[in-house]
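What follows draws every value from the coordinates through simple rules; no lab data is involved. Being a predicted model, the structure only gives us computed values, none of them experimental. In this analysis, Cβ positions are derived from the backbone assuming ideal geometry, glycine residues included, and neighbour counts consider all displayed protein chains.
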Amino acid sequence: MNKAEILIVNKVWPPYMDSLRANFVVHERTQLEDPQALAAVAPRIRAITATGESKLAAGLLEQLPALEMISVFGVGYDGVDVAAARARGITVSNTPDVLTDDVADLGMALLLSIARRIPQADQFVRAGRWPEGPMALARKVSGARLGIVGLGRIGSAIARRAEAFGMAIAYTTRTRVAGCAYPHYPNAEALAREVDFLMVITPGGAATRGLIDAKVLAALGPKGYLINVARGSVVDQPALLQAIANGGIAGAALDVFEDEPHVPAALCASENVVVTPHMASATWETRRAMAELALGNLQAHFSGRPLLTPVP
Ligand code: A2R
């Protein structure tokens, strides 16, 4: 049987690339910059492999008349216009669940890092500053109040971890979670007013753009910390820069940014910020599971079986 031809729109994890090559004829977008080169293969492309960070321009989809499916390597699919794809009969899959633990782990690690100033402490020791005297005191985590913006698969996994730290947990979602005992707040601003740490873990996309704005940061206040493991777009980055610059909040720990991989210099320069390079699901174990699931979705599609994890 002829192998189906697929298009990879941005760099993927090399072992995943190997398994794609073993199963499909793979074309790489980066090698098709010349419009004529893309036009030559476009009529044969039946699937796209994207990552959570891919932004699929509507123009690209229009150039692919035989496109049947988009397989996203990641749980967030905000870079894909799902409604437009669906209108053309193109199905979309993602990789939920398999990365939940990792993202929740990193969310807690970032919370602990910013509160206990772990990266700063590491720098302090490495720079030989310990003999000059002790570091400034940190913020206690156990028993503190945690507000979770988005109590889905990952938000709930963060809550379970936070319970082990004796944290008082509250949350906001558009729809109250049935049977959930944590206090629910109608919006992020009301939640921020009541907590010490605000953890953001909603999907990205238009519906959550700028959800954490200047008002929410003001409600979090000079003693409050923001942690973002969702998408950079969910936080109004200029408002965050201002809050960091003028002490409007105590600090922020961020795995995601508005314009990755570019991180504003002011964030990198601040003592009250911890930054990581969008690595919440970046462990060997989880990347393997994501690759298996993303490939499994492609294989299901091309063998006429239902997708393993279609986006809802
Ligand atoms: O609002 P609801 O009832 O649909 O609850 C969802 C919540 N959420 C929001 N919460 C507050 N304001 C909003 N505008 C808003 N929009 C959505 O986010 C739900 O509780 C949660 C999403 O949960 P799941 O769909 O289970 O996603 P999962 O696996 O937890 O991943 C969340 C995101 C991904 O989309 C990636 O962007 C990121 O984590 O890695």
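For segment 110-261, the spread of Cα positions along the three principal axes, ordered from largest to smallest, is 53, 34, 25 Å. Here's how it looks for Asp78: its modeled amide H is under 5 Å from those of Gly204, which are all 5 or more places away or on a different chain. Over all pairs of different C-alpha atoms, segment 200-284 has a mean inverse distance whose reciprocal, the Kirkwood radius, equals 12.8 Å. Under 5 Å from the amide H of Ala50 lie the amide H atoms of Ser71, Val72, Phe73, each residue being 5 or more positions distant or on a separate chain, with H modelled from the backbone and absent for Pro and chain starts. Please give the direction-averaged projected area of the C-alpha convex hull for segment 7-81, in square nanometres with one decimal. Directional mean of the projected Cα hull area for segment 7-81 stands at 4.7 nm².
Evaluated with a Cβ-only charge set (Lys, Arg +1; Asp, Glu -1), segment 1-66 carries a dipole of roughly 180 debye about its Cα centre, given to the nearest 20.
Here's the list of lysines a cross-link from Lys140 could span, going by alpha-carbon distance under 20 Å and ignoring same-chain residues fewer than 8 apart: Lys223.
Entry note, the chain: the mean residue ellipticity at 222 nm calculated from DSSP H runs of n ≥ 4, each adding -39500 (n - 2.57), is -10500 deg cm²/dmol after division by the residues and rounding to the nearest 500. How long are the three semi-axes of the equivalent ellipsoid of segment 23-148, in whole Å, if each is the root of 5 times an eigenvalue of the C-alpha gyration tensor, listed from largest down? Each semi-axis is √(5λ); the values are 46, 19, 11 Å. Between Glu271 and Ala214, the distance separating the two model label sites (each 7 Å from Cα on the Cα→Cβ line) works out to 2.7 nm. Annotation: amide H of Val311 within the under-5 Å range of Val92, Ser93, Asn94, sequence separation 5 or more or interchain, hydrogens built in the peptide plane. Globularity index of the chain is 1.09 (Cα radius of gyration / 2.2 N^0.38 Å, N = number of residues).
Take every Cα-Cα pair in segment 143-226 and report what % of them are more than 22 Å apart. Pairs farther apart than 22 Å: 17 percent. Relative intensity of segment 265-312 on a log10 scale, I(q)/I(0) at q = 0.18 Å⁻¹, equals -0.68, per a Debye sum over C-alpha point scatterers of equal strength in the absence of solvent. Ignoring solvent entirely, what values of log10 I(q)/I(0) come out of the Debye formula for segment 96-171 at 0.15, 0.16 Å⁻¹ when each Cα is a single scatterer? Debye output, listed in q order: -0.60, -0.65. Exposure proxy ranking for Ser19, Ser113, Ser142, Ser93, based on other Cβ atoms within 10 angstrom of each Cβ and starting from the fewest, stands as Ser142, Ser19, Ser113, Ser93. Between the C-alpha center of segment 94-128 and that of segment 215-248 there is a gap of 18 Å.
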